[in-house]
Amino acid sequence: MRGFFKFFLILFVLGIFVVIAGAGVAIYGLWHYGRDLPDYEQLADYEPPTVTRLHAGDGQLIAEYAKERRVFVPISAIPKRVKQAFIAAEDQNFYSHFGVDLIALTRAVVTNVANYAKGRRPVGASTITQQVAKNFLLTNEVSIERKIKEAILAFRIERALPKDRILELYLNEIYLGYGSYGVAAAALNYFNKSMDELTTAEVAYLAALPKAPNNYHPIRKRGAARDRRDWVIGRMREEGFIKPETAQNAIKVPLKVASRDATQFVVAEFFVEEVRRELIEQYGENGLYEGGLSVRTTLDPRLQQIADDVLRGGLITYDRRHGWRGPVDSIAIDDGWLGRLRMVKPPSGVGTWLLATVLEADEKQAKIGMENGGVGAISLSQLKWAREWRKGQRRGPAIKRASDVLKVGNVVMVEPLPEPKPGQSPPNIVDGVRQFGLRQIPEIQGGLVALDPHTGRVLALSGGYDFAASEFNRATQASRQPGSAFKPFVYLAALEKGYTPATRILDAPFVLDQGPGLGKWKPANYAKKFYGPSPMRLGIEKSRNLMTVRLAREIGMETVADYARRFEIIPNLPLQLSMALGAGETTLLRLTAAYGMLVNGGKKITPTFVDRIQDRNGRTIFRHDTRECSKCREERVGNRPPSIPDPRERVADPVSAYQIVSMLKGVVQRGTGRRIRAVGKPLAGKTGTTNKEMDTWFVGFAPDLAVGVFAAFDQPRPLGRRETGSSVSAPIFRDFMARALDGKPAIPFRVPPGVRLVRVNVKTNLPARPGDKRVILEAFRSGTEPSGTAAVIDGSDGIAATGASSVGGKY
């Protein structure tokens with residue numbers, strides 16, 4: 001008996017030792033594997049990378065930026081059925097365990113022993129919390145050590161976070177195949193539905209994917225995918241999440257996926273790229289591609305479409321005036337021509353045009369073969385423009401035969417002729433053969449900006465002929481000489497110094513000695529003529545260089561430079577007289593905004609592409625309009641809206657600004673912008689052309705819309721004889737305004753207090769007399785109305801200028 005007691009005592013002591021040793025090993029293991037683990041508390045504030053979306057001013061989508069196509073959905077917005085499906089499939093005891101499910105773990109050990117004996121794959125027992133630990137904090141390494149760390153982290157996470165937060169992280173982070181991160185993205189990619197639209201069968205299929213999405217591919221492995229889905233449906237029934245009849249009906253449903261609807265984007269590549277750069281500068285690349293920002297831009301999709309259309313059309317029109325530069329390529333024409341044609345790489349910027357090769361060419365037409373094997377024809381009438389291009393933007397002899405332009409084997413760009421309207425020509429089908437027009441990608445480039453002159457909101461922006469061919473933005477990145485488009489600010493400076501639109505300025509030869517070794521500067525008018533004393537208005541309407549130089553000399557280049565700075569055209573304008581003719585460099589966006597400040601009455605605006613930015617939680621983190629309106633949300637008394645303060649800085653007197661607007665309206669009515677008069681609405685603006693026809697501009701406005709157009713070669717060279725802002729850029733401005741203002745009322749320019757409109761003779765700008773035929777209403781500041789002939793400004797006296805650039809405005 002004593003021996004038995006002694007043996008029992010020894011066993012008891014050994015048992016205690018084993019327990020203590022086991023506890024020690026466990027404690028050591030927890031210490032060893034638990035040290036240096038990632039900070040799990042960061043999960044409390046974790047925000048998964050989500051898509052940043054850019055929207056137009058009307059809410060239409062214009063761009064998305066993301067590294068992972070994830071849609072983050074708060075747990076409160078995730079449907080109950082979705083949560084139940086994943087819990088049934090992945091972690092039935094989720095709401096009761098402490099991070100590790102001991103029951104499931106024990107069951108997995110027993111099952112795996114049996115599976116090992118039968119040569120089957122082992123099963124897992126990871127809880128949702130453990131999967132969160134692995135996905136967020138650990139690697140995918142398969143090892144005992146990683147599983148231990150996973151369990152320790154799961155325990156710690158359960159102590160730090162509520163269950164719903166853990167489930168939220170899991171359902172938004174997990175990868176479910178088809179490029180889907182999170183359940184919301186998977187619902188769209190697999191079924192083209194939002195989560196609350198999913199059926200029981202669809203929810204069950206998504207819940208079947210976490211273990212191995214590729215093993216349950218809905219098309220390549222449809223049988224395994226359906227079996228796994230049905231297993232999840234059974235688990236949902238066992239857990240009491242769905243009724244038996246619901247489960248039976250769900251199992252009968254075939255497994256079908258639906259392609260996600262193609263996201264419809266408003267096309268505005270140059271505009272979008274400008275916003276993208278701005279967002280990266282403000283929030284960094286991670287903020288843009290992972291931040292889930294919602295950006296409401298200023299873009300007007302209708303105006304953007306018009307801008308792209310008219311800019312491309314205007315550049316093509318100019319290009320066709322200067323001839324045909326030759327085919328894209330040439331190939332041999334025999335039975336294998338189709339294969340050779342398909343191997344020709346289309347040039348950048350081809351757009352919707354087609355490649356074709358010339359199969360035959362005679363006097364009347366060229367027969368062409370298309371990439372699809374079809375044939376068509378280009379008639380002689382469609383080739384008349386294609387005279388040979390020659391150096392200096394000159395052209396060869398007139399085209400008399402189709403074979404003068406096209407040779408057999410030439411590969412060219414063509415476009416199908418549209419179906420003609422009744423009574424119009426040319427026909428698009430002749431003798432059963434489809435008719436095409438010959439096309440050529442223009443070498444000239446340009447830009448167009450349209451903005452709200454009262455707020456600076458950029459409504460449309462096109463920075464070139466084709467974004468795919470060149471991402472360089474000629475509206476914001478190209479610094480070029482504005483030429484005569486700068487002149488209005490010289491005249492504005494003079495008006496604010498007390499001169500009037502009737503002030504006479506001498507239009508006569510002007511010579512300036514620039515200093516030792518620099519020679520003499522002799523500016524001239526575009527027409528090479530001199531008109532003697534002329535009223536200030538004519539200096540703008542007819543774009544007189546000599547009048548502008550004399551006026552700038554009279555008021556001082558320091559004053560001119562001050563106005564260039566105020567209107568943010570050129571911050572540090574050199575004090576050279578040639579700068580008064582637009583020899584300084586600026587961008588189209590800056591100059592268009594400056595013109596906007598003229599028509600808005602002299603209030604400063606800053607161009608902006610973004611109205612508002614919200615973070616992933618809907619909190620506004622940027623707003624362009626920072627005005628406060630405490631009474632905007634209050635109930636109105638009557639129809640009178642609340643008064644909102646105007647914080648805009650004044651950069652010019654409203655009377656002087658209106659006087660310039662009136663003169664610029666004269667440019668359209670009687671001056672260098674007469675082409676624009678055809679629009680039939682109140683419009684104003686100014687042409688600009690630099691020496692040797694290098695750069696052409698037209699910048700102008702309606703009362704509530706400012707638009708600027710620039711056109712030139714990227715590498716400056718002459719555009720050709722008589723190619724000016726009036727012939728190149730003004731027609732683009734005209735076509736834009738005609739479409740933009742179509743169907744809108746003709747709103748007159750707003751006349752501020754302090755302006756007196758006087759009937760004057762348009763030639764002399766003196767009060768009109770009985771019998772005068774050419775009479776206009778001139779805007780004078782009250783008290784400055786002309787009563788007779790005044791002195792003439794000749795600008796010949798005063799301190800000599802510090803020098804003059806050799807380039808300046810012309811027309």
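The values are calculated or read from the model by the stated rules, or taken from the named source; none is laboratory data. Since the model is a prediction, treat every value here as computed from it, not as a measurement. Quick reminder, even Gly has a Cβ in these numbers, built from the backbone with ideal geometry, and neighbours come from all protein chains shown. Just so you know, the surface numbers come from the protein's heavy atoms only, side chains and all, with ligands and any DNA or RNA stripped out. Shrake-Rupley method; radii C 1.70, N 1.55, O 1.52, S 1.80 Å.
Comparison of 51, 132, 82 shows that the only residue that is at pLDDT 85 or above, closer than 30 Å to residue 238 by Cβ and open to solvent by less than 40 Å² (accessible area, probe 1.4 Å) is 82.
Across region 537-551, what is the number of residues that are of a type in the set (A, V, I, L, M, F, W, C) and touching a helix residue (DSSP H, G or I) at 6+ places or on another chain (Cβ under 6 Å)? Of the residues in region 537-551, 4 are of a type in the set (A, V, I, L, M, F, W, C) and touching a helix residue (DSSP H, G or I) at 6+ places or on another chain (Cβ under 6 Å). Of all residues in region 540-550, those that are within 13 Å of residue 504 (Cα to Cα) and open to solvent by 30 Å² or more (accessible area, probe 1.4 Å) total 0.
The condition of being within 26 Å of residue 498 (Cα to Cα), buried (at least 24 other Cβ atoms within 10 Å of the Cβ), basic (Lys, Arg) and in contact (Cβ under 8 Å) with a residue 40 or more places away in the chain holds for only one of 537, 553, that being 537.
Evaluation of residue 509 against the conditions (1) assigned to a loop (DSSP other than H, G, I, E, B); (2) surrounded by 16 or more Cβ atoms within 10 Å (Cβ to Cβ) shows that the sole unmet condition is (2).
Residues in region 651-670: is at least one under 30 Å from residue 273 (Cβ atoms), under 28 Å from the mean Cα position of the chain (by Cα) and either modelled with pLDDT of 95 or more or open to solvent by 30 Å² or more (accessible area, probe 1.4 Å) (or both)? There is no residue in region 651-670 that is under 30 Å from residue 273 (Cβ atoms), under 28 Å from the mean Cα position of the chain (by Cα) and either modelled with pLDDT of 95 or more or open to solvent by 30 Å² or more (accessible area, probe 1.4 Å) (or both). One residue stands out among those in region 413-460 that are under 25 Å from residue 472 (Cα atoms) and among the acidic types (Asp, Glu): the one that is nearest to the chain's Cα centre (by Cα), which is 452.
Residues in region 167-190 that are closer than 16 Å to residue 258 by Cα and in a helix (DSSP H, G or I): 183, 184, 185, 186, 187, 188, 189, 190. Return yes when residue 238 is surrounded by fewer than 21 Cβ atoms within 10 Å (Cβ to Cβ) and either touching a Gly at 6+ places or on another chain (Cβ under 8 Å) or under 30 Å from residue 467 (Cβ atoms) (or both) and no when it is not. In short, no. Only one of 498, 517, 532 is surrounded by fewer than 19 Cβ atoms within 10 Å (Cβ to Cβ) and more than 26 Å from residue 758 (Cα to Cα). Can you tell me which? Every option except 517 fails the conditions.
Of all residues in region 469-504, those satisfying the criterion of being hydrophobic (A, V, I, L, M, F, W, C), modelled with pLDDT of 95 or more and within 27 Å of residue 788 (Cα to Cα) are 489, 490, 492, 493, 494, 495. Among the residues of region 331-344, those that are open to solvent by 70 Å² or more (accessible area, probe 1.4 Å) and either of a type outside the set (A, V, I, L, M) or touching a Leu at 6+ places or on another chain (Cβ under 8 Å) (or both) comprise 334, 335, 340, 342. For the criterion of being closer than 18 Å to residue 317 by Cα, touching a residue at least 60 places away in the same chain (Cβ under 8 Å) and aliphatic (A, V, I, L, M), residue 684 fails. Of the listed requirements (1) in a loop (DSSP other than H, G, I, E, B); (2) over 29 Å from residue 61 (Cα atoms); (3) in contact (Cβ under 8 Å) with a residue 60 or more places away in the chain, residue 219 misses just one: (3). Is at least one residue of region 633-641 farther than 19 Å from residue 485 by Cβ, open to solvent by 70 Å² or more (accessible area, probe 1.4 Å), of a type in the set (Asp, Glu) and assigned to a loop (DSSP other than H, G, I, E, B)? The answer is yes; a qualifying residue exists. Of all residues in region 245-273, those satisfying the criterion of being farther than 21 Å from residue 608 by Cβ and of a type in the set (Gly, Ala, Ser) are 247, 250, 258, 259, 262. Against the list (1) modelled with pLDDT of 95 or more; (2) open to solvent by 60 Å² or more (accessible area, probe 1.4 Å); (3) among the acidic types (Asp, Glu), the condition residue 625 fails is (1).
For residue 251, the test of being surrounded by fewer than 21 Cβ atoms within 10 Å (Cβ to Cβ), aliphatic (A, V, I, L, M), in contact with an Asp or Glu (Cβ under 9 Å, 6 or more places away or on another chain) and part of a helix (DSSP H, G or I) is passed.
Does residue 675 count as assigned to a loop (DSSP other than H, G, I, E, B) and either open to solvent by 40 Å² or more (accessible area, probe 1.4 Å) or touching a Lys or Arg at 6+ places or on another chain (Cβ under 7 Å) (or both)? Against the criterion (assigned to a loop (DSSP other than H, G, I, E, B) and either open to solvent by 40 Å² or more (accessible area, probe 1.4 Å) or touching a Lys or Arg at 6+ places or on another chain (Cβ under 7 Å) (or both)), residue 675 does not qualify.
Among the residues of region 707-749, count how many are open to solvent by less than 70 Å² (accessible area, probe 1.4 Å), part of a loop (DSSP other than H, G, I, E, B) and small (Gly, Ala, Ser). Within region 707-749, residues that are open to solvent by less than 70 Å² (accessible area, probe 1.4 Å), part of a loop (DSSP other than H, G, I, E, B) and small (Gly, Ala, Ser) number 5. Reported count of residues in region 210-257, each being among the aliphatic types (A, V, I, L, M), more than 16 Å from residue 85 (Cβ to Cβ) and more than 42 Å from the chain's Cα centre (by Cα), is 1. Within the option set 616, 590, being charged (D, E, K, R), assigned to a loop (DSSP other than H, G, I, E, B) and either closer than 21 Å to residue 300 by Cβ or open to solvent by 30 Å² or more (accessible area, probe 1.4 Å) (or both) holds for one residue only, 616.
Screening region 58-79 for residues that are of a type in the set (Gly, Ala, Ser) and buried (at least 17 other Cβ atoms within 10 Å of the Cβ) and picking the one that is farthest from residue 611 (Cα to Cα) gives 66. Note on region 443-453: residues that are part of a strand (DSSP E or B) and closer than 15 Å to residue 702 by Cα total 3.
Of all residues in region 758-779, those satisfying the criterion of being part of a strand (DSSP E or B), open to solvent by less than 80 Å² (accessible area, probe 1.4 Å) and free of Cβ contacts under 8 Å to residues at least 24 places away in the same chain are 761, 767, 775. The set of residues in region 454-493 being in a loop (DSSP other than H, G, I, E, B), over 16 Å from residue 685 (Cβ atoms) and open to solvent by less than 20 Å² (accessible area, probe 1.4 Å) consists of 456, 463, 464, 465, 473, 474, 475, 478.
Scanning region 593-607 for residues that are of a type in the set (Ser, Thr, Tyr) and either in contact with a Ser or Thr (Cβ under 8 Å, 6 or more places away or on another chain) or open to solvent by less than 10 Å² (accessible area, probe 1.4 Å) (or both) yields a total of 1. Considering region 564-575, and only residues there that are crowded, with 21+ Cβ neighbours inside 10 Å and not β-branched (Val, Ile, Thr), the residue that is farthest from residue 506 (Cα to Cα) turns out to be 567.
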